[in-house]
Each structure stands twice: as structure tokens, then as C-alpha cells.
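Contents: one structure, followed by commentary.
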Amino acid sequence: MTIVNYDPRLVKSKNPYPKGPNDWKRFFSFNTDAKVIGIQYIVTALFFLLIGGLLAMLIRGELITPPSDLFDPTVYNGLYTMHGTIMLFLFLFPILSGLTNLLVPPMIGAPDMAFPKLNALAFWLVPVFSIILLLSFFVPGGPASSGWWSYPPISIQNPLGKMINGEMLWIIAISLSGISSIIGAVNFVTTIIRMRAPGMGFFKMPIFIWTVLAAQLLQLLGLPALTGGAIMLFFDLTFGTSFFRIEGGGDPVLFQHFFWFYSHPAVYVMVLPVFGIFSELFPVYSRKPLFGYKFVAVASFGITILSLVVWVHHMFYTGTPMWMRNLFMFTTMLIAVPTGVKVFAWIATLWGGNIRLTTPMLFCLGGLFNFIFGGITGVMLATVPVDIHVGNTYFVVAHFHYIIFNTIAFGIFAAIYHWFPKFTGKMFYEGLGKVHFALTFIGATLNWLPLHWAGLLGMPRRVASYDPEFAIWNVLASIGAFILGVASIPFILNMVSSWVRGKSAPPNPWKAIGLEWLLPSPPPHENFEEDIPTVLNEPYCYGLDKPFVEDEQFYIEKSLKKH
Amino acid sequence: MNTKIRRIKKRGFSKTFIIIIAVILNITFSLLMGYWSYSWLPIQASEAAHYVDNLFAFETTIGTFIFLGCTGTMAWILVFNRAPKYDESNGEPLEGNLKLEIIWTIVPLLLVLGISTYSTSVNYKLENLGSKVKYDYGAEAPFIEEKKVFDYGPIDVISRQWNWEFVYPNGIHSSELHLPVDKKSNFRLITEDVIHSFYVPAFRLKQDIIPGSIITYSLTPTKKGVFRLRDAMFSGAYFSENQTNVIVESEEIFYKWIKETVKKELQNGLNPAGSLYQKRLRNGNRGWATVKPAPDPKVNDAGIESRPHDS
Ligand code: HEM
Ligand SMILES: [Cu+2]
């Protein structure tokens, strides 16, 4: 029965920060404690969410009226490029790495990550490439301004002919981000495979762990393509090689393949852990087992495999031959199947439950609602003839914001609220949380729902000015964006004041089942220390009378005693 | 627990009734959405348009049904399964249901296979894209023998940072694209710098134009009128200005236009980016870096920048 995949040698990692775990200064040091690193990632990422959001306000300010009147169009292009880049590489990826760092070791009963020093290195690369990226605002000619795709030839035109330019700094930053992610991925995968608590076979892992594994394997498979593409682009830009330059016989479309071979899976790298978060939270707040645990677990890998073979759906109108378009339409549509399995399982989990509408649950429900919508527009976009019309219009922008903000960011907010008491040891204020949810849901809907119509009518994305017939949709979107800006106020207020002076949190405030909830809040440096629990059953056995670990009472008492 | 079960049993009949009513309402509303979806799209001005719109309406109908089915269930749950305050007891401990899980794997699978097959057949009907041939940098774009039949063409579509120019088989140059209605016209898509995209929303058609390659393309306009042609692939500073008009006219008027335009002298064509750039220079060249816009194209028909468009 007992599957021992736990290596006790790994238990003994030393706390490298001498003053102990209660010193705030450890957050500013090269600390190797995954819980410290997790919080470092999350706080850094939230800071960049503010910067990226500020850029979004500027974008929406320009787009509230048809003519290009707020900025010179060159400035607009730089702003939206940096907005997309910051949101993806400085907000989303880091915040997900942060949650993964916080959650993986406690959830599998490990004391820390497999490679704590690499882990700290992966984090400290984030401020390095962030600063490089931000510095690019100040180089002559301005920052990169060819969109986050950075397609050549536009990205290698280098109008001023200077060696150091915004695009070059952009490529360096993205490559460093890729290296950081690869290091992170090696660490997460190793930790999950090698360091699970005794008894925790694959089909006893929490779904969040499944999705992290699926996502991080995708990183390992996909990132080399992007990094390779970025290096070639760097050479073309800086040293005049012609991988993608037609002057030397290169092919600009080749870059698009490199780019999307990674960047499509990247979307799933971001959304999979959020699927994990939904799968964790729905059972807790409806007090029911996750419906079809095994199906949901395996569906994650269905998504991983399929998402490696769909990238051409971003290139349906680049001159791709018919057979290839049809083939990639089929593969893309197939992804709807494992994704549907998850959606139906979540709804079945809710069915007949005892629903508690706490802030994290509200964000999950809102996220699921939006995800169903975004998934449906996704299938529309996979349909070649429809995509040929709406591709590269605001319909796409609306679609991916429904996924990336209205689903992924919602899931992240849910996770932050849900695990806040566990890792800070403080409760947050429900009232403020609900205000945050309401403003976010209203703002996000107003921001991105109307833009679907702008796209259907033929408004191209990335424009700084547009024909007056699109104005109404853009005015609504801009109002929504400003509401989202306001929504950040209750969130920041809640986080800061709860952490400073919130009520202290019990070990298991939500009465949830999971190893992390058997630990004190906040958990000690090495989580379970010498007493690693032995897992007996699948997680989420609400109401089933199946204990999750051997001698559960011992851990409950221990977690209370620590307090 | 017991009372709960009894409550559900007693509601048994009314529950199926409610479900039937909900499904009927959902189907009705979904069909209505599909019907309305046509009005969300621009005028149908090409042969492709009604295929695309039918597909989109079909997907809107199915999508609405699924969306309302799922979110309606969620709403039901939120109304009837809310835990009373301070009630932290468990719900019904269902772990899964193999039959259900197989159904919701197979049904979506069949559905998406159906949609892709339908779309594939539409693709084969449309076949707008001809061949894509690479040629050497700096060389003239080669002539390509088009295998498919067409009624008019080929018209060279030349895209630049940031203006459009159309060269007709008899050698006239124009800033706007004139096309005869109901005739299949053929194009050679050419770019002189970066990637652009030939996009006419009223036609529902879009094709990227790739540096170093020549792409042949055909389409049949089906409605007379003025339609916007928009560059849909981000092409740098004045990308938003890289638009012109497609003027679809009767065959008679079209050939009259051809005959009259041949006689006109070459003059400066539409180039809104050029004038914006001059304005920027006059204002002290503020802003971030950009390449210089291409010079004004020399054309026989200079077009009208503010011509009102139908869609
Ligand atoms: C207040 C919130 C936000 C607003 C108002 C907003 C607005 C916009 C707009 C208007 C664009 C289109 C720019 C253009 O095409 O001209 C855009 C693009 C984009 N946004 Fe957001 N956004 C927000 C939040 C986010 C978040 C949270 C993410 C997280 C990943 C994100 C990621 C992106 C990406 C990747 C692009 C594409 C950039 C590109 O392809 O050029 N956005 N956003
Ligand atoms: Cu994709």
C-alpha cells in the first residue's frame, strides 16, 4: 500500500536566513525558503499588475475617442506592447510561480523545493529582467513597439539604427524570463515527482499538483523554441544575420512558428494552474468531493498533449495551405473536449452542495462563468472561415482577455484570498473582498464584452485610431477599464491592512481537506518537519468518512499547539 | 439528511417539468441569438460572407445553448443550494458518475468533429487563397500562372508602410480598389516592407501579405457599394491609418472607370500617414522612433480620402 517516494535526505535543508522566520528583511534577501520565495514572487507580480494596469488605463484613454489624440501613434504602440509584455511576463507568470512555490511543498508534504538555491535564482531573475524591460522606456527611440509577438520584419526595423534600443532590451528581458521559467519548471517537476509524502500516489495528489505538473512539463517542452527564436531575432536585430530577414534569404514566417509553438502552450501554462485552483476550491466551498477526480486529473494531460499541436490556429491567414488549416482546426477543437470534462465536473461538484459564497468562492464562480464564455468564443476562433473574418480584430482581444483576465486573474484572486490565512497567519476582511469581487466582475464584463462586437464589425486590434462606427463599444470598454482600476483599491487596502492587523487565522479556517490545512498558519519553515503524514485516500472526501491521512487527529492537535 | 431526500422526492415531478421548460426556453433563446447574430456583422458583400455568417450563426446558437445550460445550472445551484449561515455540514457526497462522464466526453467530441467537418467543407467551397511563391529580395515579383479560373485580373495589390496601391492589368494605378460586382477577381498580394494584411470586413476575408513572397488570391464581390479595406496586421507607427476603400460597381461602370482612368496623368495618391508624419516633424518630431513613411504613391486615380463607406 505505501508508496514511498519520499527522500528523507531532503528534509534537512537549513534556514539560510539567520534571524529566523519572523524577520521581514528575509523577503529582501536571497532566501531559499519556498514560502518566502512564493511571497516574493506574488508581491513583485502584484506591483507589476499595477504598472501594467496603469498602461491599460492609458491605452483605454486613447481609445475612448476615435482619433489618435492623446498620444503620438508611436507612443501608443510602445504602450500597448509594454502593457501586454508586462502583464504576461512580469505579472502572470511570476504570480503563478509564486502560488506554485507556496502551495506545492505543503500540499505534497515536502519541506521545501527540490533545489532551493535554483529556486531563489529563478526568482531573483525576475527583478533583473523587469528592470531591463522598464529601462527600455528611457532609451532613445522608446521601448519595443511591435506588439508582444514581436514579429519580424517590423521588430527588426530599428529606425534609429542604434545598437542599444528598446527592442533589443525587450528580447534580452524575454530570454531571461524564459531562463527563469525553465529553472522553475525543472524544480517544480522534480519536487512533485520525487518528494511526495508517503502514500501519495499520483491518483492521490491534489488536482492543483496535477495541473502544475502538466503546466510545467509544457514549459520544458515549449520554452526552448521561444528562447531559440528570440536568440535568432536578437542576432538579426543586432548583428544583421538573416534568419528572418528576406534580404539574406530568411523567412519571417518561420519566426511565427517558433513564437506560437511556445506561446500557444504558454496560455495553457497559465490557465492550467487556475483549473487546479478551481478544482481545489469548489469542493471546499460546496462541501462535496470533486466530481470525477480521475477524469479531471487525466484531462490536464490531455490538454498538455493537445496544446502542443494547435499553434497554427494563430496563423490561419498567413498563407498557410488549406490542408494545414483544416488539420489545425481539428486539433484545436479537440481541446474543447478535455476542457469540457473539467467544466462539467466543476458544475457537477457544485450540484447539490452546501454552497458558501465567500470571497474566494465568488471569484471562482465568476471565473468559471467567464471561462465558459471565453471557451465558446475560442471554438469560434478555431473555425477557420470565422477566424479569417475576426482574426486580428478586437474579437480576439476580447476573447483572450476573457481567458487571461476574466478567468486566470479571477482564479488567482480566488487563490490569494483562499490561502491568505494559511501563509500570512491573518484573516482578511470579507466585506472588502466582496466589494473587490463586485467591482472586478462589473468592470471586466463592461471592459471586454462590448469589444466582441467591435471585432465582429471589423475593428482591427492594435489601432490607435478607428472609424467612428466603433466608438460606442470603445466608450463602454473604457468605462469598464476605469472601474477595474478602482477595483484595485479595496484589494490593496484589504491585503495590506489584513496582513498588518488582521485577526489571526486558525490552521484550517475553511474546514478544508488537504495537507496544507493540517499545518499551523503560517506553516513552520520545514512544513511537517519530522512528522511527515502518510496519505491514505484521495483528496476531497467531504462527507465520505474516509480520512485523508493516517492519524489525522495528531496533526490537527499539533497545528493548534504551534500557535 | 432524511428530510432533504424527502424534499427532493416530493419535488420530483415538478423538477422534470422545470427542466423541460428550461430546455425549451434555452433552445428558443439560442435560436433567437443565432438569428440576431447576423445583425452583429457588417453588410454581406462577397460570396464568402453568407457562408461565414451562417457558420457564425450556427456557432452562436450552439454556444448560447451551452453557455445558458451551464450558467443556468450554476444559477439554479446558487439559488437552491446555498448553505444557511453557520451551516458547515457537507453536501451529498457524490464522487462521480461514469455514465455521465462518458456522455460529456463523447457529446462534445462529436459536436466539435461536426463543426470542423462543416467548416472544412466551407473552406473547400471558398478557396480564396491561391499559391504562395517566394522570390529573391529586390527582384520583380514573378508572374504566377493561376490554376483557378477567374473573371478579372490579376490586380497587383501593393502594400506599404503606410499606403495601398492597386495596379490593374492594363497598367493603371489607383489608390482605391475598384472591382466589378459578381465577377471573380484575382489578386497578386505584394508588400514592399513588412507584413501587412488585406482585410475587407464586408467581404469577411483577410489575407496576410508576406515580404519575400507573392500570394495569389481571388474573391467575388456580390454587392455594389463602398467598403473599407483595413490593414489587419500591425505594421508600425501609422498602422491605424493604413486603410483605403474598395469600390464595387456594376461591370459597365467599372469598365468605364478603367477606360477613363487610363487617360489620367499620374498624380500623388492617398497617403494619410505621410501628412501625419509631416505634421509630427513640424511639431518638433516628438514621440518614439519610427521609420519614415513611404512616399506618396504615383497613381492615375488618387481616390477620395473621406469617401463615406457602407461598411
Ligand atoms: C485593467 C485591465 C486591462 C485593460 C483595460 C486591458 C486593455 C487592453 C487593450 C485595450 C489591449 C489591446 C491593445 C491593442 O491591441 O491596441 C490589450 C492587449 C493585451 N492585454 Fe490587456 N488589459 C487589461 C488587463 C490585462 C491583463 C490582466 C493581462 C494579463 C495577462 C493582459 C494581457 C494583455 C495581452 C497579452 C495583450 C495583447 C497585447 C498584444 O497582443 O499586443 N491585459 N489589453
Ligand atoms: Cu493559441
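The values are calculated or read from the model by the stated rules, or taken from the named source; none is laboratory data. None of the values given here were measured: they were computed from a predicted structure. Heads up, the Cβs are rebuilt from the backbone with ideal geometry, glycines too, and the neighbour counts pull from every protein chain shown. Note: accessible area is taken over every heavy atom of the protein model, side chains too, but ligands, DNA and RNA are not part of it. Shrake-Rupley method; radii C 1.70, N 1.55, O 1.52, S 1.80 Å.
Computed quantities for the displayed model
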read-out: Principal axes of the protein assembly as shown: Cα extent on each, largest first, Å; value: 96, 68, 44
read-out: Chains A and B, summed buried accessible surface - 1.4 Å probe, Å², nearest 100; value: 8500
read-out: HN-Hα J in Hz across segment A:532-544 - Karplus 6.51, -1.76, 1.60, θ = phi - 60°, x for Gly and Pro; value: 5, x, 9, 7, 9, 10, 4, x, 6, 7, 5, x, 9
read-out: Per-peptide average of other Cβ atoms within 10 Å, ordering A:354-365, B:278-289 highest first; value: A:354-365, B:278-289
read-out: Over chain B: helical MRE at 222 nm, DSSP H runs n ≥ 4 each giving -39500 (n - 2.57), nearest 500; value: -13500 deg cm²/dmol
read-out: Amide hydrogen neighbours beyond the local backbone of B:L205, cut-off 5 Å, H modeled; value: B:V200
read-out: GluC sites (Glu not before Pro) within segment B:207-290: DSSP coil, no more than 13 neighbouring Cβ in 10 Å; value: B:E265
read-out: Selection from B:V23, B:F65, B:W288, by position along the positive dipole direction of chain B (Cβ); value: B:V23
read-out: Unit charges at the beta carbon, dipole of segment A:30-562: most positive-side option, A:T191, A:H313, A:F137; value: A:T191
read-out: Largest to smallest accessible area among B:R82, A:R461 [probe 1.4 Å]; value: B:R82, A:R461
read-out: Helix axis angle, B:272-282 relative to chain B longest principal axis, alpha carbon, degrees; value: 80
read-out: Under 5 Å, built H, 5+ apart or other chain: amide partners of B:G153; value: B:N186
read-out: Amide H partners (placed H, <5 Å) of B:N245, local residues excluded; value: B:L177, B:L229
read-out: Estimated inter-spin distance, B:I21 and B:I304, nm [label 7 Å along Cα→Cβ]; value: 5.8
read-out: FRET E, pair A:F47, A:I164, Förster distance 22 Å, beta-carbon r, rounded to 0.05; value: 0.30
read-out: Computed magnitude of the charge dipole of segment B:135-299 (debye, nearest 20; Cβ of K, R +1, Cβ of D, E -1); value: 600
read-out: Kyte-Doolittle mean at least -1.0, axial Cα span of 24 Å or more - DSSP H helices of chain A; value: A:34-63, A:116-135, A:166-194, A:207-239, A:252-286, A:359-382, A:430-448, A:471-501
read-out: Computed magnitude of the charge dipole of chain B (debye, nearest 20; Cβ of K, R +1, Cβ of D, E -1); value: 1460
read-out: Packing-based ranking, highest mean first, of A:534-540, B:118-124, A:168-174 given that Cβ atoms within 10 Å are counted; value: A:168-174, A:534-540, B:118-124
read-out: For segment A:517-525, 3J(HN,Hα) per residue [Karplus equation, 6.51 cos²θ - 1.76 cosθ + 1.60, θ = phi - 60°, Hz, x = Gly/Pro]; value: 7, 8, 9, x, 10, x, x, x, 3
read-out: Charge dipole (segment B:135-299, unit charges on Cβ, about Cα centre) - positive-most of B:T216, B:P201, B:I258; value: B:P201
read-out: Charge dipole (debye, nearest 20) of segment A:241-380; +1 at Cβ of Lys and Arg, -1 at Cβ of Asp and Glu; value: 500
read-out: Helix-derived mean residue ellipticity, 222 nm - over chain A, DSSP H n ≥ 4, -39500 (n - 2.57), to 500; value: -20500 deg cm²/dmol
read-out: Loop sites in segment B:65-112: chymotrypsin sites (Phe, Trp or Tyr not before Pro), DSSP, at most 13 other Cβ within 10 Å; value: B:Y86
read-out: Test item: A:316-329 mean partner chain Cβ contacts at 10 Å; value: 5
read-out: Above-threshold pairs, the threshold being 26 Å between Cα atoms, out of A:K342/A:K558; A:K558/B:K85; A:K288/A:K422; A:K503/A:K561; A:K35/A:K561; value: A:K342/A:K558; A:K558/B:K85
read-out: Set of aspartates and glutamates with alpha-carbon distance to A:K25 below 16 Å, sequence-local pairs under 8 removed; value: A:D33
read-out: DSSP beta bridge pairing in the protein assembly as shown, given as percent antiparallel to the nearest 5; value: 70
read-out: Carbon/sulfur fraction of accessible area - the protein assembly as shown, other protein chains in place, 1.4 Å, %; value: 68
read-out: Per-residue HN-Hα couplings for segment B:62-70 [Karplus 6.51, -1.76, 1.60; θ = phi - 60°; Hz; x = Gly/Pro]; value: 5, x, 4, 4, 5, 4, 5, x, 5
read-out: Solvent-free Debye scattering, log10 I(q)/I(0), computed from the Cα coordinates of segment A:48-143 at q = 0.16 Å⁻¹; value: -0.75
